[in-house]
Each structure stands twice: as C-alpha cells, then as structure tokens.
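Note sheet for the following structure.
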Amino acid sequence: MKIESVATARLLLYPLSVDEAERVVARESGPGDRWGEGYPGDGDVRANTGFLRGLAERGDPGPYRTYEIRLDGVAVGGIGFHGPPDEIGVATVGYGLVPSVRGKGYASEALRALLEIARTAGAAGVKGDADLDNPASHRVMEAAGMRCVAEDDELRHFYLGF
C-alpha cells in the first residue's frame, strides 16, 4: 500500500518503508538518507522496532505507521502510531524530536498533521501519554488539540475524539 507524505507549513511527515525502518533500528543511514544530528534517537529505534514487529504480526498498517519528521529535507525526529486503532477505534500516538529543533512548535505541528491522518483514516479518536515530569510534551499534545483526561503516579494521559 502506497502511503503519501503529508506536508505541513514547515515540515514533511514521511511514511517509512520497511527498509527505511530497518535502517533507523540499525542506526545506519543509507543512500539518500539525510539525518540530523542525534537522529535516530532511542524513541525512534523503539517506535520502528514496534512498527516492524507489527508488520510481521498483522501486516501493513496502512496510514497507522511511523513517519519521519523532516525539516528542509533532513530527518529531525519521528512521529507515528503504536499500531492500528484498538477495538473501539482509538489509535495511540508517540513522537520525538532531536534536541536542536525542540521548542519551535514543530512537534505540535507534526502532531496536528498526524491527528488529521487518523481522523481521515476513520479512527474514533487518538490517545497519548507523557511522563509527569515532561511538561513540554504535555504542551505539545494540548497545542495539537488533545486534552488531559487522566493522571496517575507516572503519566499524564491525553485524548482527542473525532
């Protein structure tokens, strides 16, 4: 299934292929890869490992996959889904940026685009969470329109229904 890239005002969300995801997991760039300083991070490796495992177990997830966040053609982070929506239609999201581009609104911009991908693909809603000591991530989800719906000893949980 061919998944198209999604352009925002400043970014491109580029859907990763199996080969590209395998290179991210191995942290070995290939021909044509343009990776920013610090990419891929540990979160990118974990996300793409999960993406590849999901492919092997369930097949191609369509738009519910991992995407590189590209700024001026350079990968500066990743964003995506932890798999297809659950039994009630809710997809879980995750994201991360290299340190040099944080604090500029890129994560919220990318998350808004990812939320639109989920809405267009038919998800009933999207959820995400962040550690209590990560207020920057809380602000990202709030700026993208997600609302805090719960908090426990470790995490703040966010949700947006469609």
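The values are calculated or read from the model by the stated rules, or taken from the named source; none is laboratory data. These numbers were taken from a predicted model, which means no experiment stands behind them. All Cβ positions, even for glycine, are placed from backbone atoms using ideal geometry, and neighbour counts span all protein chains on display. Accessible surface areas use protein heavy atoms only, side chains included; no ligands, DNA or RNA. Shrake-Rupley method; radii C 1.70, N 1.55, O 1.52, S 1.80 Å.
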inquiry  = Could you derive backbone 3J(HN,Hα) for region 93-103 from the dihedral phi with the Karplus parameters 6.51, -1.76 and 1.60 (θ = phi - 60°), listing whole Hz in sequence and x where the residue is Gly or Pro?
reply    = 10, x, 7, x, 10, 5, x, 5, 10, 6, x
note = Sorted by chain and then number, the residues having a modelled amide H within less than 5 Å of the amide H of Arg65, at least 5 places away or on another chain, are Phe81
inquiry  = If you roll a 1.4 angstrom probe over the protein chains with everything in place, what fraction of the accessible area of the chain belongs to carbon and sulfur, to the nearest %?
reply    = 50
query = Rounded to the nearest whole Å², what accessible area per residue is found for the chain with the 1.4 Å probe?
reply = 52
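To the nearest 20 Debye, how big is the dipole of region 44-162 about its Cα centre, given +1 on the beta carbon of each Lys and Arg and -1 on that of each Asp and Glu?
Computed about the Cα centre, the dipole is about 400 debye.
Cα convex hull of the chain: mean projected area in nm², to one decimal? Please report the intermediate quantities before stating the final value.
Details: hull surface 37.1 nm².
The number I arrive at for the chain is 9.3 nm².
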inquiry  = Of His138, Ser29, Leu71, which is farthest towards the positive pole of the chain's charge dipole, taken about the Cα centre with +1 and -1 on the beta-carbons of Lys, Arg and Asp, Glu respectively?
reply    = Leu71
remark   = Dividing the mean separation of Cα pairs under 8 Å (6+ apart) by the residue count of the chain yields a relative contact order in percent of 18
request  = Sum -39500 (n - 2.57) across every DSSP H segment of at least 4 residues in the chain, then divide by the residue count to get the 222 nm mean residue ellipticity, nearest 500.
outcome  = -10000 deg cm²/dmol
message = Going by Cα centres, region 2-70 and region 103-131 are how many Å apart?
response = 16
query = With contacts defined as alpha carbon pairs under 8 Å and 6 or more residues apart, what's the relative contact order of region 41-80 in percent?
reply = 34
ask   = When Lys and Arg each count +1 and Asp and Glu each count -1, what net charge do the other residues less than 13 Å away from His157, Cβ to Cβ, add up to?
value = -4
request  = Go through 136-145, 43-52 and give me the packing order, highest mean Cβ count within 10 Å leading.
outcome  = 43-52, 136-145
query = Relative contact order of region 94-162: what whole-number percent is it, with Cα pairs under 8 angstrom and at least 6 residues apart?
reply = 32
key: Under the Karplus curve 6.51 cos²θ - 1.76 cosθ + 1.60, θ = phi - 60°, whole-Hz ³J(HN,Hα) for region 61-73, x wherever Gly or Pro sits   = x, x, x, 8, 9, 9, 10, 7, 9, 10, 10, 6, x
inquiry  = Please list, ordered by chain and number, the residues whose modelled amide H lies under 5 Å from the amide H of Thr92; skip anything fewer than 5 residues away on the same chain.
reply    = His82, Gly83, Lys127
message = Give me a comma-separated list of calculated 3J(HN,Hα) values for region 155-162, in order, Karplus coefficients 6.51, -1.76, 1.60 applied at θ = phi - 60°, integers in Hz, x for any Gly or Pro.
response = 10, 10, 9, 10, 8, 9, x, 10
